[in-house]
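Okay, so here's the structure we're looking at.
The values are calculated or read from the model by the stated rules, or taken from the named source; none is laboratory data. Values in this document were obtained by computation on a predicted structure and should not be read as measured data. For neighbour counting, all protein chains shown are included, and Cβ atoms are generated from backbone atoms with ideal geometry for every residue, glycine included.
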Amino acid sequence: MVWINALLQGVLLGGLYALFAAGLSLMFGVMRFVNIAHGDFIVVAAYLMMTSVLIAGVNPFVGIGLVVVIMAAAGYLGQRFLLNRVLGKDILPPILVTFGLSIILQNALLEIFSADSRRVQTGWLETASISLNDVVALGLLPILMFVAALAVLALLQWIFYHTALGRLLRATSDDAEIVPLMGGNNAHIFALATMLASGVVAVAGVLLAMKTNFDPTAGPARLLFAFEAVIIGGLGNIWGTLAGGIVLGVAQTIGAQIDTGYQVLAGHLAFLAVLVLRPRGLFPKTIG
Amino acid sequence: MNEAPALRFGLPGLFVAVVLILAVAPFWAGRADMRLLMEAFSFLALAQMWNLLAGYTGLVSVGQQAYVGLGGYVFFGLAMFTGLHPLVAMPLAAVFAGLVAIPTGWVAFRLQGAYFAIGTWVIAEVFRLVAAQFTALGGGSGISLPVAIVKSIGSSTAGREMAMYYVAFAIALVATLGVWALLRSRWGLALTAIRDSEPAAESLGVRTRRTKFLIYVLTAGMTGLAGAFIFLQKLRISPEAAFSVNEWTAFVIFIVVIGGIGTIEGPIIGVVIFFALRGLTADWGTWYLMMMGAIAIAVMLVDKRGVWGALHARGVPSVFATTRSLRLETGTTLPAASPRVEPAE
């Protein structure tokens, strides 16, 4: 029974990891660009949420909206004025610039918020749970978070396939050089992609803040989880990414069930196993 | 060419002079200076290795801390449990790191480009988490090198420090001159071709994958050697310190990029700049780290070639010549191109 419990907790955790992964995957899909500071952006969103709720006393739901708007705007501007300048065939400049950003963000957060780990209180939600039997009990908060993750992924899917913006992003993903010939503005499209990804990152950060303790150095681990979920699921497939997140989440909770020290290691090993056995992921590309 | 003659011989001369001055450092430098130099030599070796990997083969790894930590841990293990002399344990740790890089590289090479970068980071994290499971080596909290082992290097403090200084000096020198020798060899021609254009190199018969793999293993071994020395100097090792991405990869990348990637001179200049900045601004704490990040970003935005690249483009000649040029005697003519087919290898 404890194993079934671990399995279910892992599935719920997977929703969060899929959200981490969606932003990373989106930016890679459109721009062939991997953001090393992705995890740090998630942590920045978590701190924004904490600040707006704790210090400014904003209603949590208004707070979420605020964080999404701020992150999306920062994403658009950052892409338009900084990251667009280093995109190109050479993979080093974007890696280096985002690595530099990662160091800057971590240390800036350290300077502002100190190294203490923080958490956003969610009141009665923290302990509310649904008991299936003596051993298996699912927390209400993890369930709500999983549903929120599904909703965001479904929204992304809808944007990709049913809106003009989605068409633009898919076209850019297929061939970024041809899009300008059809009147598209790559600089703007890239910035829109990052804006969308940053919105997802914002939601991921808010959920992270409610779920667990975080500190200024929590970013890199989140980047690695996001990356692992993307690779396990297979590139360029939103529902594959969800599956990847769930596989990673389950591996981690099963590992933690064996020994608490094995949680993260088990996730990494699952990732490496997929890489060795199915290098293209469990659900290879279906969309661009 | 627009090379100034004074610089053409002046710079290599300067380099040799600096090497000679550093070679007798134990006789003029104080203990604090020696320690700083040893640290700088370690970073120079790491920077040369990362540069060889990323600057020439295009394998941008952000997981080289895996081999720094592995070298350090294997060195501690060998020195503590086999009774081997530290100076024997160090090269063995390097060989071990190189051997581990073979299966590791086989897995990491399944990813390309930026995904390779993050994949190597995951692997380094696996190494860190596994190292924390070895209770004999202190588990998660780390372990100190026993005094007896340290004393086996030299009985007096001064003698010990001199021996360690020359080890560090040799590691930096071997890393720098080794890369130079490699680049001047047949392999070097392949590496430079890969750096300039991988598809073109491949079409001319360079076995790019094999070459890259070999370089990956080679740099892992040398990085492991530097790691073994680093933790001999620190006298203490822990998973956090040994597999630190900031210390052993971010700083090293910043050194290479600021100095000039894809050149041998770049890492040297980068190390000098890095240690000068650190000396001046270390009191700033986190602001110093933010500044390093900002400088690295600025280099990418202003001139991707870094300090040495920018100088070289303005006519400063190479210290370590690696380019090959075709010289024609006056009066000779190039033979007409003939369609000759080289026998297949």
Subject >> Scan of the stretch A:87-100 for residues that are over 13 Å from residue A:31 (Cβ atoms) and either touching a Gly at 6+ places or on another chain (Cβ under 6 Å) or at pLDDT 95 or above (or both), ordered by number >> reply: A:100
Original post:
Just to be sure, is residue B:215 in a helix (DSSP H, G or I) and either under 17 Å from residue B:128 (Cα atoms) or within 14 Å of another protein chain (Cβ to nearest Cβ) (or both)?
Top reply: no
Original post:
Looking at the stretch B:238-250, is at least one residue within 22 Å of residue A:36 (Cα to Cα), buried (at least 23 other Cβ atoms within 10 Å of the Cβ) and within 11 Å of chain A (Cβ to nearest Cβ)?
Top reply: yes
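Consider the stretch B:29-52. How many of its residues are part of a helix (DSSP H, G or I) and at pLDDT below 90?
Going through the stretch B:29-52 one residue at a time, the tally reaches 2.
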Original post:
If you check A:154, A:176, A:148, which single one turns out to be surrounded by 17 or more Cβ atoms within 10 Å (Cβ to Cβ), out of contact with any strand residue (DSSP E or B) (no Cβ under 9 Å at 6 or more places or on another chain), of a type in the set (Gly, Ala, Ser) and at pLDDT 90 or above?
Top reply: A:148
**OP:** Taking the residues in the stretch A:230-253 that are hydrophobic (A, V, I, L, M, F, W, C) and at pLDDT below 95 as candidates, determine which candidate is surrounded by the fewest Cβ atoms within 10 Å (Cβ to Cβ).
**Re:** A:239
Subject >> Subset of the stretch A:88-124 (residues that are exposed (fewer than 15 other Cβ atoms within 10 Å of the Cβ) and farther than 19 Å from residue A:39 by Cα) >> reply: A:88, A:89, A:90, A:121, A:123, A:124
Subject >> Hits in the stretch A:95-108 (condition: facing chain B (nearest Cβ under 7 Å) and of a type outside the set (A, V, I, L, M, F, W, C)) >> reply: A:100, A:107
Original post:
What is the residue count in the stretch A:27-43 for residues that are within 14 Å of another protein chain (Cβ to nearest Cβ), hydrophobic (A, V, I, L, M, F, W, C), under 15 Å from the mean Cα position of the chain (by Cα) and assigned to a helix (DSSP H, G or I)?
Top reply: 2
Original post:
With respect to residue A:85, is the statement that it is surrounded by fewer than 16 Cβ atoms within 10 Å (Cβ to Cβ), away from chain B (no Cβ under 14 Å) and either free of Cβ contacts under 8 Å to residues at least 40 places away in the same chain or assigned to a strand (DSSP E or B) (or both) true?
Top reply: no
**OP:** Among the residues of the stretch A:240-269, write down those that are within 12 Å of chain B (Cβ to nearest Cβ), hydrophobic (A, V, I, L, M, F, W, C) and within 19 Å of the chain's Cα centre (by Cα).
**Re:** A:248, A:264
**OP:** Go through the stretch B:78-152 and tell me which helices (runs of 4 or more DSSP H), entirely inside it, have 1 or more residues that are over 30 Å from residue B:162 (Cα atoms), modelled with pLDDT of 95 or more and within 14 Å of another protein chain (Cβ to nearest Cβ).
**Re:** B:86-108, B:113-131
Original post:
Would you pick out the residues in the stretch B:296-321 that are within 14 Å of chain A (Cβ to nearest Cβ) and surrounded by fewer than 18 Cβ atoms within 10 Å (Cβ to Cβ)?
Top reply: B:298, B:301, B:302, B:303
**OP:** Kindly establish whether residue A:232 is part of a helix (DSSP H, G or I), within 13 Å of chain B (Cβ to nearest Cβ) and of a type in the set (Val, Ile, Thr).
**Re:** yes
Original post:
Where in the stretch B:246-345 are there helices (runs of 4 or more DSSP H), lying wholly inside it, with at least 1 residues that are at pLDDT below 90 and out of contact with any strand residue (DSSP E or B) (no Cβ under 7 Å at 6 or more places or on another chain)?
Top reply: B:265-281, B:286-302, B:306-313
Subject >> Residue check, residue A:201 buried (at least 22 other Cβ atoms within 10 Å of the Cβ), in contact with a His (Cβ under 8 Å, 6 or more places away or on another chain) and away from every other protein chain (no Cβ under 13 Å) >> reply: yes
**OP:** Filter the stretch A:110-138 for residues that are over 19 Å from residue A:49 (Cα atoms), of a type outside the set (A, V, I, L, M) and either out of contact with any helix residue (DSSP H, G or I) (no Cβ under 8 Å at 6 or more places or on another chain) or in a helix (DSSP H, G or I) (or both) and give the result.
**Re:** A:127, A:131, A:133, A:134
Original post:
Looking only at the stretch B:56-70, which residues are modelled with pLDDT of 90 or more, part of a loop (DSSP other than H, G, I, E, B) and within 12 Å of another protein chain (Cβ to nearest Cβ)?
Top reply: B:59, B:60, B:61, B:62, B:63
Subject >> Residue within the stretch A:196-210 that is under 19 Å from the mean Cα position of the chain (by Cα), part of a helix (DSSP H, G or I) and farther than 28 Å from residue A:117 by Cβ present >> reply: yes
